[in-house]
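Taking it in order: structure first as structure tokens, then the write-up.
Please treat every number below as a calculation from the coordinates, not as lab data. As the structure is a prediction and not an experimental result, all values here were calculated from the model. Note that each Cβ is placed from the backbone with ideal geometry, even for glycine, and that neighbours are counted across all protein chains shown.
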Amino acid sequence: MADNLRSLGPGKMYHLAYRTVDMAPDVLEDLATGQIAAGMPAEVALLAGAGEATPVADVTIDGVHDFVSYCRFDFRILRLHPKPAELGSPGFMCRYVEK
């Protein structure tokens, strides 16, 4: 995924889809109440096994599509971060990261 974003570069559109079982409960709650919507800033990050987030790209959400068992986020790439070192396996695939 990170290599795909890097090959596209800033200004390009991309999407990521997550099974709802891979999404943190607070993200699912915000999706259900419409708090995550088009026009919102977001960050795509790779997560290590211990939960540390390594930023990949700053993005703007263009669309959110809830298909019950999974959700797809369409977004525009604004800025790419330097390529991270190899990371372990993540916990939730889609979650909020404290800054």
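Overview of values
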quantity	calculated
Segments 29-37, 54-62 sorted - mean Cβ within 10 Å per residue, highest first	54-62, 29-37
Computed E for Leu78/Glu29 - FRET, C-beta separation, R0 25 angstrom, nearest 0.05	0.45
Gain in span if fully extended, Val64 to Tyr96, counting 0.36 nm per residue against the direct Cα distance	9.9 nm
Mean Cβ count within 10 Å, highest first, over the residues of peptides 7-18, 66-77	66-77, 7-18
Anisotropy class of the stretch 34-73 from Cα gyration tensor, a/c 1.5 cut	oblate
